[in-house]
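Just passing along the structure, written as structure tokens.
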Amino acid sequence: VVLTGNQFVSREEAMNALGLPSAGKLQYGMNIFKISMEEKQKQLESIPWVLKATLTRAYPNRLAVHLEERTPVAFVNVGGRVKLVDGEGVLLEKPERASFNFPVLTGLDAASGRPERTTRLGLYGAFMQEVARDAATAGWMISEVDLADGDDLKAMLARGRETLQLHFGRESFGERFRNFLTLLPELRKAGSRIDSIDLRYGNQIVVNPQAETPPPR
């Protein structure tokens, strides 16, 4: 058995799904033409990390298996455990030796079903495509994205010791972020500490200041 395309799926895991020895050697006398390719494909695609599996017989004694793995897009917190999620909303265990640099998504559990979850993940994908590069250039890190409200994507941005929550709505993410960068120096002049900024209203923004903490008695 020749296995290709696997980065996060181990050879042992793939062989177990195929019902074959982990060494990947077919037993002497096994007829590869009697193997149900459709059945083995389904078994491989039952592995969460596998998006698509392709199997090919190579006469006289070889079975070629190619895996197309899922692409994670963010971290999610599931019951106190950190997992990965792909663009279709499939939860994935984080591989031990892999390193990813993604925001943490919250609010996916508020979606009514998988189609709604996929739609909100589409909003997240568009947001990252439009904003991530400009944010990195300006020194801002996107640490968390809240998808609980399908009409208002909220992102927590951090720079140094400062964190801000920005309301982006569901469109024009890049334009709204650039408006934020343009108007931020003016907000700094006011000197007030900012809790969140709403960018959904054209060329104006709504600023919510931090609540004053009463002095200790």
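If Ser22, Ser196 are ordered by their accessible area, calculated over protein heavy atoms with a 1.4 Å probe, which sequence runs from highest to lowest?
These residues rank, largest area first, as Ser22, Ser196.
Next question. Among all stretches of the chain without exposed chymotrypsin sites (Phe, Trp or Tyr not before Pro) (DSSP loop, at most 15 other Cβ atoms within 10 Å), which one is longest?
Between exposed loop sites, the widest span is 101-217.
Ratio of Rg to Rh for segment 1-61, alpha carbon only, Kirkwood?
For segment 1-61, the value is 0.93.
Now for a separate question. Roll a 1.4 angstrom probe over the protein heavy atoms and tell me the percent of accessible area of segment 1-71 that is carbon or sulfur.
Values: 2160 of 4490 Å².
Answer for segment 1-71: carbon and sulfur cover 48 percent of the accessible area.
Angle check, please: helix 114-137 long axis (alpha carbons) against the longest principal axis of the chain (alpha carbons), in degrees 0 to 90, nearest 10.
Helix 114-137 sits roughly 60 degrees off the main axis of the chain.
Something else now. Around Arg70, under 9 Å between beta carbons, what's the net of Lys plus Arg minus Asp minus Glu among the other residues?
-4
With runs of 4+ DSSP H residues as the only contributors, calculate the mean residue ellipticity of the chain at 222 nm using -39,500 (n - 2.57) per run, divided by the residue total and rounded to the nearest 500.
My calculation for the chain gives -9000 deg cm²/dmol from helical runs alone.
Can you work out the accessible area per residue across the chain, with the rest of the protein chains kept in place, probe 1.4 Å, in square angstrom? Mind dumping the intermediate values first?
Numbers: 13220 Å² over 217 residues.
Per residue, the chain has 61 Å² of solvent-accessible surface.
Also: Between Glu38 and Lys83, take the C-beta separation as r, use R0 = 30 Å, and let me know the FRET efficiency to the nearest 0.05.
Details: r = 30 Å, r/R0 = 0.99.
E between Glu38 and Lys83, to the nearest 0.05, is 0.50.
Which whole-number value in Å³ per residue fits the convex hull of the alpha carbons of the chain?
On the way: hull volume 36.6 nm³, N = 217.
So the per-residue hull volume is 169 Å³.
Sticking with this structure for a sec: What is the sum of charges, Lys and Arg at +1 and Asp and Glu at -1, for the other residues whose Cβ falls under 14 Å from the Cβ of Gly113? Before the final figure, lay out each step's value.
Numbers: positive: Arg114, Arg117, Arg120; negative: Glu88, Asp109, Glu116.
Value of the local net charge: 0.
Peptides 202-210, 80-88, 146-154: what's the order by average Cβ count within 10 Å, highest mean first?
So the order, starting with the most tightly packed, is 146-154, 80-88, 202-210.
The values are calculated or read from the model by the stated rules, or taken from the named source; none is laboratory data. Predicted model, so just to flag it, every value in this text is computed and none were measured. As a convention, Cβ positions derive from the backbone with ideal geometry for all residues, glycine included, and neighbour counts pool all protein chains shown. Side chains included, ligands, DNA and RNA excluded: accessible areas come from the protein's heavy atoms. Shrake-Rupley method; radii C 1.70, N 1.55, O 1.52, S 1.80 Å.
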